[in-house]
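Here the structure is laid out as structure tokens; the discussion comes afterwards.
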Amino acid sequence: MDISTVLGLLLGVVFIIGGILTSGQIDSYVHIPSIIIVLGGTIASTLASFPLKNFLNTSKVIKKAFVYKEILPDEVIGEIINLANIARKEGLLALEEYAEELQDDFLQKGIMLIVDGTDPELVRNILETELIFLEERHMDGQSIFETMGTYAPAFGMIGTLIGLINMLKHLDDPSMIGPNMSVALVTTFYGSILANVVFLPLARKLKIRSKSEVLVKELIVEGLLSIQAGENPRIIEEKLKTFIPPELRKNYREHLEREGV
Amino acid sequence: MDISTVLGLLLGVVFIIGGILTSGQIDSYVHIPSIIIVLGGTIASTLASFPLKNFLNTSKVIKKAFVYKEILPDEVIGEIINLANIARKEGLLALEEYAEELQDDFLQKGIMLIVDGTDPELVRNILETELIFLEERHMDGQSIFETMGTYAPAFGMIGTLIGLINMLKHLDDPSMIGPNMSVALVTTFYGSILANVVFLPLARKLKIRSKSEVLVKELIVEGLLSIQAGENPRIIEEKLKTFIPPELRKNYREHLEREGV
Amino acid sequence: MDISTVLGLLLGVVFIIGGILTSGQIDSYVHIPSIIIVLGGTIASTLASFPLKNFLNTSKVIKKAFVYKEILPDEVIGEIINLANIARKEGLLALEEYAEELQDDFLQKGIMLIVDGTDPELVRNILETELIFLEERHMDGQSIFETMGTYAPAFGMIGTLIGLINMLKHLDDPSMIGPNMSVALVTTFYGSILANVVFLPLARKLKIRSKSEVLVKELIVEGLLSIQAGENPRIIEEKLKTFIPPELRKNYREHLEREGV
Amino acid sequence: MDISTVLGLLLGVVFIIGGILTSGQIDSYVHIPSIIIVLGGTIASTLASFPLKNFLNTSKVIKKAFVYKEILPDEVIGEIINLANIARKEGLLALEEYAEELQDDFLQKGIMLIVDGTDPELVRNILETELIFLEERHMDGQSIFETMGTYAPAFGMIGTLIGLINMLKHLDDPSMIGPNMSVALVTTFYGSILANVVFLPLARKLKIRSKSEVLVKELIVEGLLSIQAGENPRIIEEKLKTFIPPELRKNYREHLEREGV
Amino acid sequence: MDISTVLGLLLGVVFIIGGILTSGQIDSYVHIPSIIIVLGGTIASTLASFPLKNFLNTSKVIKKAFVYKEILPDEVIGEIINLANIARKEGLLALEEYAEELQDDFLQKGIMLIVDGTDPELVRNILETELIFLEERHMDGQSIFETMGTYAPAFGMIGTLIGLINMLKHLDDPSMIGPNMSVALVTTFYGSILANVVFLPLARKLKIRSKSEVLVKELIVEGLLSIQAGENPRIIEEKLKTFIPPELRKNYREHLEREGV
């Protein structure tokens, strides 16, 4: 569960409703047809912008912004050093048994490649291609939300233009000018909220999640290649430590010890 | 047929017309001279921005956003592994016969280069140059729509300015101020719709289509070079699998079996 | 003569004048002092932004967007294959005679370098540096128009602010508010038109022209180096064909035949 | 203490309050609910955009923009030349003692790697990876402020829309239109100030600080590798001098002399 | 003296004052408190955005946009060919004497490195690092003006918001609405002018100056390395000519002759 996404969205809604309540009543701001124009238009243009497959994928991508089990880089370093120690003492083949228990598919796949005696150049090639396309797929997900974040204000403005054009055609009853314009502005209001409270924050969150997931996988690639090259576990440790911020550099030591190495 | 493009455009129009009908009558929003200024101006500036050849090409490019036969990467992987198996068992020359039946020009051209015994470096050079210029030509198509997506709102604003300037010159009859301003705003309305419902979604769709087409071709280049190098089909499989998302990695196996390998 | 530039500019003006005539009279939109502020201000700031030399060069650059003799890549391929055939049959020195008749300075220079027996690495180095700086000079030209395209709307707004500030200071005569505001808006109108009908389309046209000119020159570099390396004309053909779109690939064959090879 | 940050923020506030006082009273511009909408909304969307960890880190990052002990590149050059002289005269091992007194962790770590006899390629690899991830972490900090700088004006506009929609619904009392609109505009005012006086300047300051910190560390990497390679201190001096502006190139000489070398 | 900067700024001011005089009196547009808010706020936020050192450097940077002695690339090519001829005839050491008379520090430094018999790889390394950091320092200067160009309109809008909020609070005297709003708009007017007439043109001018200064220095690096490698002056000439536009390629010949070589 990603607390900051949930909390951020909730707080955003709370502050806006709070702002509304201090200046008026909530029902001036709820206008179903306006919601339909803005949200519907945004979804329609997003649908036209992406292949159906990517579009339908959105629900999965949203889930990722809310439910996210972070893989801690310091734990991964600990795990890789364990692997390096095993490989040193019992040989590369001993890693196979260990790999079966691992939850991380990428790490597991990498170990199997090493155990199979694959050429180091090919191991790097396969794992890095995997990483590049993982990043690309992540970017596909982000870009849907970024795109929605640009369409939402645009449809907000289109809705307001619809309201204004209609209002200006019928200025007979001056007492209706204000309320009509008020309704016209509601779509711009919705468009801004959808973009700035929902779509853009989700796009940014996914981007950062992707970056940290890729970082962990780069760590794994570097570590596995060092293990395959038979490097000293202490050197591997030294190398991998540079991937993480100084304040985390003590943590993985504890993981190591907890796992009794 | 690209369902999402058609559906997205249709839904966009439906939501906007729906929005219009809930607040007024459709005829306030239909103003032929305004359509002519916005669409005509956009087309004129686009014409000035691109060589005539590219501009006339637009119709072909539009077709691509609507009618699109996706080449599935998993099918292509299956096909390449078949080729690798044939090359292994019967030699590279046996691929010629197989190639003649292929529909993909790029794959066919690549196989012919291999069969002709072209130097591997030259094969990569030729196929990659082909890819680079394919991408460039795709980008030419996208950029026409992106450009139209920036001109349309600009001409919307120019049209509104024309209306406003005229209206402000003749304020004699106050009862006409509203309707005149209403007409003035219609061009901005058209500009926003053209950009956000038509041009920008089409530009984005073409961009993504191009990316997935290039991906498949990169797959083919990688596969053909591995076949030429006489690599083991299992290794080729392992390499190419990394190009596609994990959920597709089982599919190509089925293709393989269906083709009886 | 670049028909699309001329046609695009003409059509843009026609559509705008058409739009004006359907809603009012042309004389409300002609205001000499406004033209002076917007065009003068744009030119002044552009002058301050660029060295005098680049600025004075603008007229030459404009000419390029209107009068442009496209060098067709398929013709160039044909020419290079001719050269390759001559070099094959009669030796590299035989190219000198042929080169003297060529109109393309770049191709001529390249051939002379080869005929002089210059080291291939140096030939590539010289021709590619030439290309890089050609692109840079092209970009200088484009960026003047892009810059004008950002200053024009800014001075449009400055002009409108001047008009508004003055109008607001003198609200004594209500009957003048409308006409005064109308005049104020005219500068914004001019700024938008200059940017979207003139400067930005010209900048884009120059960019695309540059790209296709550079493409042809890259073709020449690749071709000349292959000739110098003594490659088979058929291989050179295969290589260079990848630079051009499939639909043009038959054309150069015709050029070849016409030239009797 | 970073004087320019403190002074800049103070002056910004002073000029704005000054501007307010020349045209009206300060209390028209203080409206607690508006502050809550703009600041609260900005914080909420920023929270949703970043992982909780990064968000909580902001206070540390802010501190960095205010309190900053600049490490002068000319001092570092002096220090490295001292190290080079020691290494020359007494051998690489003699650096260990010297390193223990150093305050710069990065320089210290680098020296220890050299003293341990680590392979030069690995030393470069470790130190450069360290640098890359340091830069990434800096960028995480900057991007929080940049993001806040885009959300603040957006929530300013959302607040103004809330105010306008409410005001337009209740136009019964014309005497309240002005004051209500005044209140509505206050949120836009807050949003602009937060972005342009606080968030964007802080983001830019952090960016520049990061650049100069990374520059010093690049200097150290270059210097340490030269020391390890046993290069002549004079050559090292010549190399490192190019990293700093000419006017600083005499300063480090003084540092050298002060330290008695 | 850079005529185009001076002329551009002067003309910009002239056109704006001209525009003001055709529509009203100059004193409606002069409002000291507004100047203080816009200029003061811009300076304050710029101060907060940059280290004090960079900020104080601005005056030097401004000077560079006005007073600029262009080093002509064709003259430099002539000079390098002279050097190459001397080196050929009298040996590399003979360059020392010649170097002492040179005004260009960079060229002088490069020659001294060659005369000292420095390793070519190190010469390139030192001169290119010098170039990279020169470019970085140039960019620091430009980015101050670019930043001011974004803050100025923002503070223009903040000033206008201050004026509007105050005006709307006090609508008692309708005759003051116009003049008050007029004053409010003056800050937006100042912000636009500062950005589009002063800051952005200066930023662009500095950028282009930097590019041409770096070009000349790249020329020098290429030339010196060729001299050190003992290349034929004719080949060096051929290489360096590609750095400059065709119309300048005859000029340097004249320089050569004038210098009697």
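The values are calculated or read from the model by the stated rules, or taken from the named source; none is laboratory data. Every value quoted in this text rests on a predicted model; they were computed, and no experiment measured them. Neighbour counts are summed over all protein chains in view; Cβ atoms, including those assigned to glycine, are modelled from backbone coordinates with ideal geometry.
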- Task: For B:G178, state whether it is at pLDDT below 90 and either over 30 Å from B:L113 (Cβ atoms) or assigned to a helix (DSSP H, G or I) (or both).
- Result: yes
- Message: Which condition from (1) touching a Pro at 6+ places or on another chain (Cβ under 7 Å); (2) surrounded by fewer than 16 Cβ atoms within 10 Å (Cβ to Cβ); (3) hydrophobic (A, V, I, L, M, F, W, C) is the one that B:I81 breaks?
- Response: (2)
- Which ranges mark the helices (runs of 4 or more DSSP H) fully within the range D:1-105 that have 3 or more residues being away from chain E (no Cβ under 11 Å)? D:32-35, D:41-49, D:52-56, D:58-66, D:73-90, D:95-100
- Message: Suppose we filter B:L224, B:L200 for residues that are under 30 Å from A:I162 (Cα atoms) and touching a helix residue (DSSP H, G or I) at 6+ places or on another chain (Cβ under 6 Å); which single one remains?
- Response: B:L200
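Each row is one residue, and each column tells you yes or no for (1) hydrophobic (A, V, I, L, M, F, W, C); (2) in a helix (DSSP H, G or I).
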{"position": "A:A203", "(1), (2)": "yes, yes"}
{"position": "A:K207", "(1), (2)": "no, yes"}
{"position": "A:S210", "(1), (2)": "no, yes"}
{"position": "A:V214", "(1), (2)": "yes, yes"}
{"position": "A:G223", "(1), (2)": "no, yes"}
{"position": "A:E237", "(1), (2)": "no, yes"}
{"position": "A:I244", "(1), (2)": "yes, no"}
- Item | Hey, A:I81 touching an Asp or Glu at 6+ places or on another chain (Cβ under 6 Å) and closer than 19 Å to A:A99 by Cα or not | yes
- When you look at D:I35, is it surrounded by fewer than 17 Cβ atoms within 10 Å (Cβ to Cβ), in contact (Cβ under 8 Å) with a residue 60 or more places away in the chain, closer than 30 Å to D:V183 by Cα and out of contact with any strand residue (DSSP E or B) (no Cβ under 6 Å at 6 or more places or on another chain), yes or no? yes
- Residue check for E:L171: part of a helix (DSSP H, G or I) and either under 15 Å from the mean Cα position of the chain (by Cα) or of a type outside the set (D, E) (or both): no
- Message: Suppose the filter is surrounded by fewer than 15 Cβ atoms within 10 Å (Cβ to Cβ) and within 11 Å of chain D (Cβ to nearest Cβ); does E:P174 pass it?
- Response: yes
- Go through E:A84, E:A65, E:A48 for me and flag whichever is of a type outside the set (K, R) and closer than 30 Å to E:L225 by Cβ. E:A84
- Candidates B:G12, B:G18 - the one that is more than 26 Å from C:S192 (Cα to Cα) and free of Cβ contacts under 8 Å to residues at least 60 places away in the same chain: B:G18
- Message: Within the range E:96-113, does at least one residue satisfy the condition of being more than 30 Å from E:F189 (Cα to Cα), among the basic types (K, R) and surrounded by fewer than 18 Cβ atoms within 10 Å (Cβ to Cβ)?
- Response: no
- Top-ranked residue in the range B:106-132 [being more than 20 Å from C:S226 (Cα to Cα) and within 12 Å of chain C (Cβ to nearest Cβ); ranked as farthest from the chain's Cα centre (by Cα)]: B:M112
- Message: One residue is enough: does the range C:141-163 have a residue meeting the conditions within 12 Å of chain E (Cβ to nearest Cβ), surrounded by fewer than 16 Cβ atoms within 10 Å (Cβ to Cβ) and either of a type in the set (G, A, S) or in a helix (DSSP H, G or I) (or both)?
- Response: no
- Filtered residue count, the range D:194-216, keeping only those that are in contact (Cβ under 8 Å) with a residue 60 or more places away in the chain, aliphatic (A, V, I, L, M) and buried (at least 24 other Cβ atoms within 10 Å of the Cβ): 3
- Item | Condition met for A:E135 (of a type in the set (D, E), touching a residue at least 60 places away in the same chain (Cβ under 8 Å), in a helix (DSSP H, G or I) and more than 9 Å from chain B (Cβ to nearest Cβ)) | yes
- Message: Tell me whether the range B:195-211 contains one or more residues that are within 13 Å of chain C (Cβ to nearest Cβ) and among the charged types (D, E, K, R).
- Response: no
- Could you count how many residues in the range C:6-42 are under 17 Å from B:G40 (Cβ atoms) and polar (S, T, N, Q)? 2
